[in-house]
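See structure below.
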């Protein structure tokens, strides 16, 4: 199945561009899920002050804290897991995309700036990879800055959570260094789309 999809994309004649366009098409199809996730997250953010009071009051009793938090969310018609379940629904799509750009198929026989889409950084050290890493670093930096701005308007998070939020976005660089160039191109496209989409949704959704 993945080889057939890769062959279909390769048939467009410009494999690198096909990866970018197909990724955007998939992300557009998933947009309703992300829209629902952001609505859920914003609904929870409005209740953040109440949840913070409960944490101060029942912080040492996690069971009581969970029960009281559920009451607050339920009374306001908000799920504790708002923003999470819609995101989980998108996982199968990303698994397919990952397989397409990592499993040998005609798509990976294409090139970008003379470098094979099946090439790995550890074996080629081509300049295209360094350009890719730089762009991924920029996107990761913007993601961290945006997340930090969001944390100032939501419930304060434990220190280790804040620390992970600053580091995890840069993990895409390590992934791109390990995976084929095609996968790195996919990562750049989807992460750029993600930060742009979420920033826009948080701005326009009430």
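We did not get these values from a lab; they are worked out from the coordinates using the rules stated. Everything numeric here is computed off the predicted structure, so don't read it as measured data. Neighbour counts are summed over all protein chains in view; Cβ atoms, including those assigned to glycine, are modelled from backbone coordinates with ideal geometry.
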Report the label-to-label distance for residue 81 and residue 29 in nanometres (one decimal), using points 7 Å from each Cα along the Cα→Cβ vector. 2.4
Given 0.36 nm per residue, what is the gain on full extension from residue 3 to residue 102 after removing their alpha carbon distance, in nm? 34.6 nm
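State the extension gain, in nm to one decimal, for the chain segment bounded by residue 21 and residue 93, taking 0.36 nm per residue of separation less the distance between their alpha-carbons.
Answer, rounded to one decimal: 24.4 nm.
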Could you give the Stokes-Einstein D for region 69-141 in µm² per second, using the C-alpha Kirkwood radius, 4 °C, 1.567 mPa s? 81
Counting alpha carbon pairs within less than 8 Å and at least 6 residues apart, what relative contact order, in whole percent, applies to the chain? 32
Shape parameters for region 2-204, alpha-carbon atoms, Rg then Dmax in Å: 20.2, 62
Sorted by packing (mean other beta-carbon atoms within 10 Å per residue), highest first, where do 129-136, 143-150 land? 129-136, 143-150
Could you work out how far helix 127-151 tilts from the main Cα principal axis of the chain, as a 0 to 90 degree angle to the nearest 10? 10
Helix 15-46 vs. the chain, principal-axis angle (Cα, 0 to 90°, nearest 10): 0
Once the Cα atoms of helix 62-75 and of the chain are each reduced to a long axis, what angle between those two axes, in degrees from 0 to 90 to the nearest 10, is obtained? 90
How do 31-44, 61-74, 184-197 rank on mean C-beta neighbours within 10 Å, highest first? 184-197, 31-44, 61-74
Each label sits 7 Å from Cα toward the beta-carbon; between residue 48 and residue 167 the label points are separated, in nm, by 2.4
